[in-house]
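What follows is a single structure, written as structure tokens, with notes after it.
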Amino acid sequence: MWGGKIVVSRFFEQVYRVVRLVPPGRVATYGQIAALLGQPHAARTVGWAMHALPAGSDVPWHRVINAQGRISISGKGQVADRQQSRLESEGVVFDSNGRVDLRIYQWEGLTWPEIDDLRRSADESDFD
């Protein structure tokens, strides 16, 4: 927080832009989002960005899972149940071990021109 205002980093804003592109019925991994943003070792930071979302955000946070195809909310509980329920309502199937088959449900991502456009638009944005 800065002066009572939540300060969102430029990287977090880029994460939110990419996650908004993940279509219903598909999932992306934290590492996949980081790699699309040119930061392949920033999967944990993508997780922090998802955790920092304010209530009522339009970012489909529930579509981001870990590289093992699992929900990665510490302690599980209600939020993890809500995430699984939202994904299932979009047609994503979990196996008996609580995993999503990434070969079936993982979002294909963006093309290189789309990635360039995303980065260019981020460079032109004002994040104050």
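Overview of results
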item	result
Difference of contour (0.36 nm per residue) and Cα-Cα distance, R103 to A67	11.8 nm
For region 63-121: rounded, prolate or oblate by the Cα gyration tensor [a/c cutoff 1.5]	prolate
Summed side-chain charge close to G56 - residues other than G56 whose Cβ falls under 15 Å, Lys, Arg +1, Asp, Glu -1	+2
Shape category assigned to region 10-121 from the gyration tensor of Cα positions, a/c cut at 1.5	prolate
Dipole in debye (nearest 20) - region 1-111, about Cα centre, beta carbon charges: Lys, Arg +1; Asp, Glu -1	240
Relative contact order (percent, whole number), region 10-121, Cα cutoff 8 Å, 6+ residue spacing	31
Estimated FRET transfer efficiency (V79, I115; beta-carbon r; R0 41 Å; 0.05)	0.85
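Quick note: the coordinates plus some simple rules give every number you see, no bench work behind them. In this text the structure is predicted, and so the values were computed from the model without any measurement. All Cβ positions, glycine included, derive from the backbone under ideal geometry; neighbour counts span all protein chains shown.
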